[in-house]
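Let me begin by presenting the structure, written as structure tokens, before commenting on it.
The values are calculated or read from the model by the stated rules, or taken from the named source; none is laboratory data. The model shown is predicted, which means the values in this text are computed figures rather than measured ones. We place every Cβ from the backbone using ideal geometry, glycine too, and count neighbours over all the protein chains shown. These area figures cover heavy atoms from the full protein model, side chains too; ligands, DNA and RNA do not enter into them. Shrake-Rupley method; radii C 1.70, N 1.55, O 1.52, S 1.80 Å.
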Amino acid sequence: MIAVSEFVKRRRRLMALADDGAILIIPASKERLRSKDTTYPFRQDSDFWYLSGFNEPEAVLVLVPGRRQGECLLFCRERDAEKEAWDGPRLGPEGAVDALKLDDAYPITDLDDILPGLLEGRSRVYYHYGRDADFDLALMGWLNRVRAQKRLGAEPPHEFLELGHLLDELRLFKSAGEIALMRKSADIAVEAQIAAMRASRHARFEYEVEAALQQVYRRNNAVAAYEPIVGSGPNACVLHYRANNAPVKKGDLLLCDAGAEYALYASDITRTWPVSGTFSAAQRALYELVLAAQAECIGNARVGVPYDSIHATAVEVLTDGLLSLGLLKGALKKNIASEAYKKFYMHKTGHWIGLDVHDVGEYKLGGASRLLEPGMVFTVEPGLYIAPGTPGVPAKYQGIGIRIEDDILMTKAGPDNLTAGVPKSVDALEKILA
């Protein structure tokens, strides 16, 4: 787990970026109603967790750089023996100061009284505007109360800045502690994918394959990082397929896009394999094309290389292969320029990953692709999708969807594939499915 000292260091780094004169306001996630009096499982806001390590709802972290009376403040629920008997223990303001190494903590019910005073005299407010309409309105109310005292000498903030401009860049680069948790998350996801492969040999429906994933997650104190995609046959051509209730048929490919969330850190793996254990000639031709594209993308990922070059590599390899198979016509450069490949490959080749599956961080800086640096973690996931009835495509290729995805840690020495433990060569897949 992440040490308390690392959360302290993160807060200090963020406040140094914001500088004196700023105030940073980060609310926790809310408990959300599923139906009537049943809630969804609580999942803490990633930014709030990144800075606090506090896993309770109804809380607000306030950072006030340079404030003599204390810079790091938390508003949270008070201890309540009766409610804790029903819902579990709370840290409470008194326990939070010591456990989280904060300067001070207050009951969440005092936020309305205290926050306007913290805003007064601050020139800049950093906050995630537009995420939570109710909190947006409350913040505007607190600001207006300070503005109403302007005649009496109060100094209200005059700049309102998006917190992500500072915080996203910190979160993009993973610490040693974060990398350790991401390796654990990846290991769990690897085990789950292999379990899903084995389950598919005898499964009647897609949800039976999903059950194999979920069993491994829970057995390892993890949960699904997102709704698993278990699409057999033509369902694999639906990029965000989530019904997972269709029959699993011999002769079809099965696409399984699933990841674990361990200690709030996500993994994200996709594999595609033949339910019967053996690829047909057409399936194998498309599969090996996607596999070759992924291998070249990962192999070319090096420190100092533009991130966009990964997608460009995938597009070039896939387009060239589609031309060789006769699924596209004409010259390679022309097909890339016209984006003709998007008929079969319509998404990007990856994304940042960390506390969120699609993690924060800019992909471009100053209009140009940012360069890869040590500590970045991203997915590489080329694919091909040929939906049934696609005009001009031979019948043997129709209804085939393929994606292969791994999680890559960028290091000084090159790419480190955190999810390499899941087989993906044709021979290795057919062996594990035998």
Classify the range 207-272: rounded, prolate or oblate, from the alpha-carbon gyration tensor (a ≥ b ≥ c, eigenvalue square roots; a/c under 1.5 rounded; otherwise prolate if a/b is larger than b/c)?
prolate
Could you tell me the convex hull volume per residue, in Å³, taken over the Cα atoms of the range 204-314?
129
If each DSSP helix of 4+ residues adds -39,500 (n - 2.57) and the sum is divided by the residues in the chain, what number results at 222 nm, nearest 500 deg cm²/dmol?
-11500 deg cm²/dmol
PRE reach from H165 (point 7 Å along Cα→Cβ): which of the range 17-57 fall under 16 Å by backbone N?
17-25
R11 neighbourhood, Cβ < 12 Å, K/R = +1, D/E = -1, net charge +1
The range 341-397 to the range 34-67: how many Å between their Cα centroids?
30
I'd like the Karplus ³J(HN,Hα) series for the range 134-146: coefficients 6.51, -1.76, 1.60, θ = phi - 60°, whole numbers in Hz, and an x wherever there's a Gly or Pro.
5, 6, 4, 5, 5, 5, 5, x, 5, 5, 5, 5, 5
Measure off, as a whole percent, the carbon and sulfur share of the 1.4 Å-probe accessible area of the chain, all protein chains present.
52
Between L137 and A281, take the C-beta separation as r, use R0 = 56 Å, and let me know the FRET efficiency to the nearest 0.05.
0.35
Let me have the relative contact order for the range 263-348, percent, based on Cα pairs under 8 Å that are six or more residues apart.
20
Residues of the range 227-267: accessible area per residue at 1.4 Å, in Å²?
35
When the convex hull of the C-alpha atoms of the range 173-234 is computed, what volume per residue in Å³ does it have?
92
Mean separation of Cα pairs under 8 Å and 6+ residues apart, divided by the residue count of the chain: what relative contact order is that in percent?
13
Calculated SAXS-style log₁₀ I(q)/I(0) at q = 0.10, 0.11 Å⁻¹ - the chain, Debye, Cα scatterers:
-0.80, -0.92
From the convex hull of the Cα coordinates of the range 130-193, what is the mean projected area in square nanometres?
7.5
Note: probe point = Cα of V238 + 7 Å toward Cβ; backbone nitrogen < 19 Å; residues of the range 383-417 passing the test are 384-390, 398-403
Sparse-neighbour loop sites [trypsin sites (Lys or Arg not before Pro); the range 370-423; at most 16 other C-beta within 10 Å; DSSP]
R370, K412
Enter the Cα centre distance for the pair the range 1-32 and the range 267-290, rounded to the nearest angstrom.
44
Net charge, M1 excluded, C-beta distance under 12 Å - Lys, Arg +1, Asp, Glu -1:
-1
Using alpha-carbon pairs under 8 Å, 6+ residues apart, how would you state the relative contact order of the range 203-272 in percent?
34
Under 1.5 on a/c is rounded, so check that first for the range 140-257, then, if it is not, pick prolate when a/b is larger than b/c and oblate when it is not; a ≥ b ≥ c are the square roots of the alpha carbon gyration tensor eigenvalues.
prolate
Can you check what the net charge comes to around Y217, using other residues whose Cβ is under 13 Å from the Cβ of Y217 (Lys, Arg +1; Asp, Glu -1)?
-2
Go through the range 168-273 and name the trypsin sites (Lys or Arg not before Pro) that are in a DSSP coil and have 16 or fewer other Cβ atoms within 10 Å of their Cβ.
R201, R204, R242, K249, K250
So how much slack lies between H202 and A148, counting 0.36 nm per residue of separation and subtracting their Cα-Cα distance, in nm?
12.5 nm
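Taking only Cα atoms of the range 16-137, what ratio of Rg to Rh do you get with Rh as the Kirkwood inverse-distance radius?
Taking Rg over the Kirkwood Rh, I get 0.97.
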